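See below for the structure under consideration.
The values are calculated or read from the model by the stated rules, or taken from the named source; none is laboratory data. Since this is a predicted model, take the numbers as computed values, not measurements. Quick reminder, even Gly has a Cβ in these numbers, built from the backbone with ideal geometry, and neighbours come from all protein chains shown. Accessible surface is based on the protein model in full, side chains and every heavy atom, while ligands, DNA and RNA are left aside. Shrake-Rupley method; radii C 1.70, N 1.55, O 1.52, S 1.80 Å.
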Amino acid sequence: MARRAEVIDFSQHKKAVTPSVVRMIPELDGLEMLYTNDSSDQIFSLKVLGWALWSDGHMDGMVPWLNQLVPCRSLTDPLNGHWEGYMDPTTQQIIFELPEYKAQFLEHSASYYHPMSEHPEEIIQEIPDIIGTHAVYTSDDFGSFTIQEVHSWRLFNDGSVLAMAVEPDDVQTTPVLPGDDCLFSVQHHKHFKYFFQHKIANKLKAQDPDALAAMSLLSDT
């Protein structure tokens with residue numbers, strides 16, 4: 001008797017593919033993310049760095065949050081922070097999707113620019129940081145710390161987005177531009193801890209007690 005062929009469903013063996021960022025644009029109109037957390041009944045705001053398009057077609061705003069760049073809708077933090085929407089601070093209008101013209105620009109630019117290779121380390125684009133993001137470094141659990149401005153954000157072919165800062169000793173020409181050799185990845189610095197926007201960073205520089213206490217709380221989480 002002929003042996004019955006065994007049918008194998010290969011779909012069961014395929015690994016789920018996580019969508020990755022394929023294109024970004026900076027936020028040039030000052031839109032902000034609105035969020036709440038369990039520490040207060042207030043609604044807080046944070047400047048949106050830019051907008052990202054993922055390989056599955058969805059789009060979202062991006063903000064530096066704790067120690068990485070995150071989609072606004074995926075916001076999480078130790079105080080159960082979560083996204084509430086976007087706001088145009090000029091008109092006070094609250095919206096829940098990125099404006100259509102920004103979505104169209106993302107889609108059109110993604111269809112025009114294609115990776116030149118499949119190497120994950122290939123740089124797809126680099127956008128400037130225009131919201132005043134700062135990186136905080138500490139080697140002794142915030143017994144002491146240093147603060148540095150983030151210069152730009154670099155998108156790689158594997159979808160990762162890294163903050164780039166200037167290594168002063170390597171500067172050959174000024175102004176420093178995206179792509180310059182003097183830029184290094186903040187997240188790869190061994191003493192990097194958190195990102196802060198400029199208002200908090202300036203308070204930390206001024207040794208503001210409330211800002212220092214908030215940073216101490218983060219170091220304990």
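Listed values, structure above:
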read-out	value
FRET efficiency for THR18 and ARG73, using Cβ-Cβ distance with R0 set to 22 Å, rounded to 0.05	0.90
Mean accessible surface per residue for the range 25-109, computed with a 1.4 Å probe while every protein chain stays in place, in Å²	51
Helix-derived mean residue ellipticity, 222 nm - over the chain, DSSP H n ≥ 4, -39500 (n - 2.57), to 500	-4500 deg cm²/dmol
Ranked packing of 123-129, 106-112, most packed first, by mean Cβ within 10 Å	123-129, 106-112
Segment GLU107-ASP170, extension gain: residue separation times 0.36 nm, minus the distance between their alpha carbons	19.0 nm
Diffusion constant of the range 92-133 at 25 °C, which comes from Stokes-Einstein with the Kirkwood Cα-pair radius and 0.890 mPa s, µm²/s	184
Label-point separation in nm, ASP208 to SER45, each point 7 Å along Cα→Cβ	1.6
Built amide H within the under 5 Å cut-off of LEU177, gap 5+	none
With Cα atoms, 0 to 90° folded angle of helix 100-112 axis to the chain main axis	60
Radius, Kirkwood style, for the range 53-157 when every pair of distinct Cα atoms is counted (Å)	16.6
Tail beyond 26 Å, pair distance distribution of the chain (Cα, percent)	44
Pairs of lysines in the chain (C-alpha under 27 Å apart; 8 or more residues apart or interchain)	12
Linear extension gain, SER55 paired with ASP158, 0.36 nm per residue minus alpha-carbon span	36.0 nm
Carbon/sulfur fraction of accessible area - the chain, other protein chains in place, 1.4 Å, %	53
Folded to 0 to 90 degrees: helix 209-219 orientation relative to the chain principal axis, Cα	30
